[in-house]
Amino acid sequence: MSTVTVPLGQRSYAIKIAAGLLRQLGVECAGLKLGARCAIITDTNVGKKFAKPAFESLVKAGFEPTLIVVPAGENSKSLKSVQACYDQLAANRLERKSFIVALGGGVVGDLAGFVAATYLRGIPFVQVPTTLLAQVDSSVGGKTGVNLKAGKNLVGAFYQPKLVLCDLDTLKTLPEREFRSGLAEVVKYGIIFDAKLFVQLERDLPKLLRREPKSLTAVIARCCEIKAEVVGQDETEGGLRAILNFGHTIGHAIENSSGYGKYLHGEAIAIGQVAAAKLSQKILGLSPGEADRIENLFVQAGLPVKIKFNPAQRRKLLAAMKLDKKVSAGEIKFVLAEKIGRVVWGQNVPQGLIEEVLICG
Ligand SMILES: NC(=O)c1ccc[n+]([C@@H]2O[C@H](COP(=O)([O-])OP(=O)(O)OC[C@H]3O[C@@H](n4cnc5c(N)ncnc54)[C@H](O)[C@@H]3O)[C@@H](O)[C@H]2O)c1
Ligand SMILES: [Zn+2]
């Protein structure tokens, strides 16, 4: 088992990564000194596969769990689902010391985390991420929240879990497209922080695509270490944490302007990262060789690297970019790479250059 600590003083917590951890859920929670009553929040897909072992493990350790199942999909990140969860928590008399287990991908983690942050002004929660994206990204760092009609993640809270358990066995049932989408975040960590990880990915990608446990453990642990270090230094995104948004300015705009669901998040940010690498070449002198290696790695991972637009779609995409939460005073700020393993944030990019890169893309 690999263990990574997120260093946040009294709110520090462990991320444990190994096969078979779901069966240890009860024992692991018993070590956290929580109340007996708890709720597992999961979705219809994940619940079918993993609610039973999670439930049984908690019961065996002396807990009294209740199960809350929301429909699978991004639509469950809504205030309506939050309300439904609150009602079930109250009906089952969960109290201050009770806790929530978020069992699922990023949707369940963001929703359950927000419910935990706000029910009774905050009760403890444990993340059990079951997608690659959730294991390397969304379950770590404490961003929780739901969507409004006006946009994604517009209501939320910074609220850290007490523990994150990444069970590699849960990834076995993840659809191929979802798995590859998660790899886009994995590659991102190499680009923004760790040239050695990037080289390791270039070498071990076939093993990762076969989901070999040894390679997966090493890579997931390294991604969590990087996210833990960044979040440890900048919990609420005052500065450094922005580097995690590499490829996301264009990525979010692609998700937005093409209608949510057409591209998975990882697919959109793969295109966004390749575009950001091209901008980095023009603005920060990223070498053409390194920009090519970035593009190649995404291609090898089976992810899209370009998008075809007509002029109307391009206008829509640029408009979506200006609406991004991270735009301040109308300036679109980018995270750009000086070289693989080192990025800088807060870079102004002239709109003409963005258009040029997207047209060439
Ligand atoms: N909080 C953060 O810091 C953060 C970071 C990145 C993304 N996010 C959020 O995460 C969400 C996306 O997360 P996601 O990609 O995990 O999507 P998801 O939670 O929707 O999961 C993807 C699909 O896979 C299914 N699934 C999950 N685990 C499975 C398994 N083990 N086997 C089979 N099917 C499984 C789900 O039911 C769903 O249909 C977005 O809402 C995004 O905004 C949050
Ligand atoms: Zn992302």
Report task. Sort out for me the strands (runs of 3 or more DSSP E) sitting completely within the stretch 134-181 that have 1 or more residues that are small (Gly, Ala, Ser) and under 22 Å from Val70 (Cα atoms). Result -> 143-148, 151-158
Query - Residue within the stretch 170-191 that is away from ligand 1 (no atom under 13 Å from the Cβ) and open to solvent by 40 Å² or more (accessible area, probe 1.4 Å) present - result: no
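Just to be sure, is Glu290 open to solvent by 40 Å² or more (accessible area, probe 1.4 Å), under 23 Å from Met321 (Cα atoms) and more than 16 Å from ligand 1 (Cβ to nearest atom)?
Numbers: open to solvent by 40 Å² or more (accessible area, probe 1.4 Å): yes; under 23 Å from Met321 (Cα atoms): no; more than 16 Å from ligand 1 (Cβ to nearest atom): yes.
It is false that Glu290 is open to solvent by 40 Å² or more (accessible area, probe 1.4 Å), under 23 Å from Met321 (Cα atoms) and more than 16 Å from ligand 1 (Cβ to nearest atom).
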Query raised in the report: With respect to Arg180, is the statement that it is within 16 Å of ligand 2 (Cβ to nearest atom) and out of contact with any Phe, Trp or Tyr (no Cβ under 7 Å at 6 or more places or on another chain) true?
Result: yes
Query raised in the report: Of everything in the stretch 225-240 that's over 15 Å from Gly190 (Cα atoms) and within 13 Å of ligand 1 (Cβ to nearest atom), which residue is nearest to the chain's Cα centre (by Cα)?
Result: Val231
Query raised in the report: Does Glu237 satisfy the criteria of being within 15 Å of ligand 2 (Cβ to nearest atom), acidic (Asp, Glu) and part of a loop (DSSP other than H, G, I, E, B)?
Result: yes
Query - Hey, Lys16 open to solvent by less than 70 Å² (accessible area, probe 1.4 Å), of a type in the set (Lys, Arg) and within 25 Å of Arg222 (Cβ to Cβ) or not - result: yes
Requested in this report: Test Lys152 against the criterion of being open to solvent by 10 Å² or more (accessible area, probe 1.4 Å), within 16 Å of ligand 2 (Cβ to nearest atom) and over 30 Å from Gly31 (Cα atoms), and give yes or no.
Outcome: yes
Query raised in the report: Does the stretch 96-117 contain any residue that is hydroxyl-bearing (Ser, Thr, Tyr), at negative phi and in a helix (DSSP H, G or I)?
Result: no
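Conditions (1) within 13 Å of ligand 1 (Cβ to nearest atom); (2) within 20 Å of the chain's Cα centre (by Cα); (3) open to solvent by 20 Å² or more (accessible area, probe 1.4 Å), marked per residue:
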| site | (1), (2), (3) |
| --- | --- |
| Gly73 | yes, yes, yes |
| Lys80 | no, no, yes |
| Leu89 | no, no, no |
| Asn92 | no, no, yes |
| Val101 | no, yes, no |
| Leu120 | no, no, yes |
| Val126 | no, yes, no |
| Thr131 | yes, yes, yes |
Report task. Check whether at least one residue in the stretch 33-49 is away from ligand 2 (no atom under 16 Å from the Cβ), over 21 Å from Leu216 (Cα atoms) and modelled with pLDDT under 95, and report yes or no. Result -> yes
Requested in this report: Within the stretch 274-313, track down each residue that is free of Cβ contacts under 8 Å to residues at least 24 places away in the same chain, more than 25 Å from the chain's Cα centre (by Cα) and in a helix (DSSP H, G or I).
Outcome: Gln281, Pro288, Gly289, Asp292, Pro311, Ala312
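The values are calculated or read from the model by the stated rules, or taken from the named source; none is laboratory data. The shown structure was predicted, so the numbers you read here are calculated from the model rather than taken from an experiment. Virtual Cβ from ideal backbone geometry, glycine too; neighbours counted across all protein chains shown. Quick note on the areas: whole protein, heavy atoms, side chains included, nothing else; ligands and nucleic acids left out. Shrake-Rupley method; radii C 1.70, N 1.55, O 1.52, S 1.80 Å.
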